[in-house]
Amino acid sequence: MIAFNKEQIYIVTGASSGIGRATALLLNNLGASVIAIARNKQRLESLKTDCKNPNNIYIEIKDLCENINDLPNYVKSLKEKYGKFFGMVYCAGVSELKPIAITEYEDMERDFNINYYAPIFMTKGLIDKRNNVGYGTSIVAISSIAAICSDKGHSIYSGAKAALCASMKVIANESVKNKIRVNCILPSIIDTPMTNASEEEYLRSQLHLYPFGFGNPNDVAHMAIFLLSNKSAFISGQNYILDSGGVR
Ligand SMILES: NC(=O)c1ccc[n+]([C@@H]2O[C@H](COP(=O)([O-])OP(=O)(O)OC[C@H]3O[C@@H](n4cnc5c(N)ncnc54)[C@H](OP(=O)(O)O)[C@@H]3O)[C@@H](O)[C@H]2O)c1
């Protein structure tokens, strides 16, 4: 069984919704302390209300795209407030459907900021050995199946998620010397507010690819928790597809 203790402090970004919320709840239920980051205070407070150990969940309101260059300092400030980190699950993200014909540079920038630059610079902060516990530290980034194959309208999102997988693999290599593990999860469609914002017709057209139905946020959360835990101590630099049966 996977269990943590409250001295094990993890950052979870995107904790106000969907996959990040499920991950923060599960991690907290299993005994860890969670720094829950997002912009929406009300939804973060509801996360605290719903968790098993509310004293071990700490809310941080933050727009991760506000000053990306400063994110390593932000991680340092969190370390000074809470203590050294055992790891992070980076779940924050946006997904905008837009054909390339009407895509502007600003659209690319918005997508890459939250889906690529911010996770890389949060990771840069985390792997700084002044901010983590060394051996036992594990970082998980939620990429997407879109990194490998995607639908029309997702050229920029796919690019950002593919870049994230590629860079995290290199960072995993660079972090071996400090005994830090780094992995990505590539989910296909998961039933979250992000998915619910998609057109019903699109979702209906995809259902036949999912013999077990669309995923649940907990399906991703359990994988993330495994990758944080010492049960995965032999695993680093990997990209795990979660797509309900290899339909792609
Ligand atoms: N759902 C899927 O089918 C699916 C499939 C593959 C991959 N993914 C990936 O999984 C991750 C989580 O997606 P989800 O489905 O759980 O989405 P979601 O329910 O929409 O949650 C997205 C989270 O990102 C946070 N966020 C967005 N912009 C932010 C910013 N500038 N600063 C800080 N936080 C920000 C949001 O918090 P606030 O709004 O409170 O800031 C929210 O907590 C994303 O990276 C997504 O690309 C999702």
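Rule-based calculations on the coordinates, nothing more; no lab input. Every value quoted in this text rests on a predicted model; they were computed, and no experiment measured them. Note that each Cβ is placed from the backbone with ideal geometry, even for glycine, and that neighbours are counted across all protein chains shown.
Assorted remarks:
- In plain terms, the C-alpha convex hull of segment 9-242 casts an average shadow of 12.3 nm² when viewed from every direction.
- Cα-based reach from K98 at 23 Å (exclusive), listing lysines while leaving out same-chain residues under 8 positions away: K152, K161
- Likely footprinting exposure, F214, F234, fewest C-beta neighbours within 10 Å first: F234, F214
- Extension reserve of the R130-C149 stretch, reckoned as 0.36 nm per residue once the Cα distance is removed: 3.1 nm
- Nearest 10 degrees, 0 to 90: helix 217-228 Cα axis against the chain principal axis: 40 degrees
- Axis of helix 41-50 versus longest Cα principal axis of the chain: the two differ by about 70°, to the nearest ten degrees.
- Here is the list for segment 3-71: trypsin sites (Lys or Arg not before Pro) lying in DSSP coil, each with at most 13 other C-beta atoms within 10 angstrom of its C-beta, are K6, K52.
- Local electrostatic count, K62, Cβ distance below 12 Å [Lys/Arg +1, Asp/Glu -1]: -2
- By average C-beta atoms within 10 angstrom, highest first, the peptides 185-198, 218-231: 218-231, 185-198
- Per-residue Cβ neighbour rank within 10 angstrom, fewest leading, I59, I9: I59, I9
- Average Cα contact separation per residue, the chain, under 8 Å, 6 or more apart, as relative contact order %: 20 percent
- With respect to the chain, whose longest principal axis is taken over its alpha-carbon atoms, helix 18-29 is tilted by about 30°.
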